[in-house]
Each structure stands twice: as structure tokens, then as C-alpha cells.
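Worksheet for the structure shown next.
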Amino acid sequence: MRIDDELRILAVKTDMTITEMGRRMDKSPQAFSQKIKRGTFTLDDLQEIAMVTGSTFECAFVLPNGDRIEIGGRK
């Protein structure tokens, strides 16, 4: 699934519009829309989206033995 699809699902599940999500991140609707179209979100952006939507962002590589390598150095 692409990031724009996931953000739209997140918006629906948090009763928030994409525009409101961007505003809460201090981004103009146009700038946030362009970021979505380009798919140029950094890990910091995704963590900020989680914060403004009241959710948790998790990102990790999970090895076959169950070891996790957290992206961004989180444990």
C-alpha cells in the first residue's frame, strides 16, 4: 500500500481530514498535499503525523529469528 493510501485511512479512522492533519503539522494544505503526491515523508514526518493524530508510529526490520532493528534508533 502506498503512503498516500495509508494516510487517507489514518485520516478516516481518526476523524480528521488530510488538510487538518497538515495544519496540525504547521504545513499549508498545498505543501502537505504535494508531499503526499510525491511520497517524500521522512521518518520524522511520519512520527509527527502519529503525534498529531494521537497514534503511534512503528517502523522496524524484523529478522526471521524475531530480532528487531528499529528504524530511527528507537527501541
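Tabulated data
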read-out	value
Aspartates and glutamates whose Cα lies under 14 Å from that of K37, excluding same-chain neighbours fewer than 8 positions away	D4, D5, E6
For the chain: relative contact order, % (alpha-carbon pairs under 8 angstrom, 6 or more apart)	22 percent
Between 0 and 90°, nearest 10: helix 43-53 axis offset from the chain longest Cα axis	60 degrees
Rounded D (µm²/s) - the chain, Kirkwood Rh over Cα pairs, Stokes-Einstein at 25 °C, 0.890 mPa s	185 µm²/s
A60 long-range amide H proximity, modeled H, under 5 Å	I71
Dipole moment magnitude, nearest 20 debye, the chain about Cα centre, only Lys, Arg, Asp, Glu C-beta charged	160 debye
Positive dipole terminus of the range 3-73, leading residue within P29, M16, I3 (C-beta point charges)	P29
Helix-only mean residue ellipticity at 222 nm for the chain, each DSSP H run of n ≥ 4 adding -39500 (n - 2.57), per residue, nearest 500	-15000 deg cm²/dmol
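Values in this text are rule-based calculations from the coordinates and carry no lab data. This is a predicted model, so every value here is computed, not measured. Using ideal geometry, Cβ is built from the backbone for each residue, glycine included, and neighbour counts are taken over all protein chains shown.
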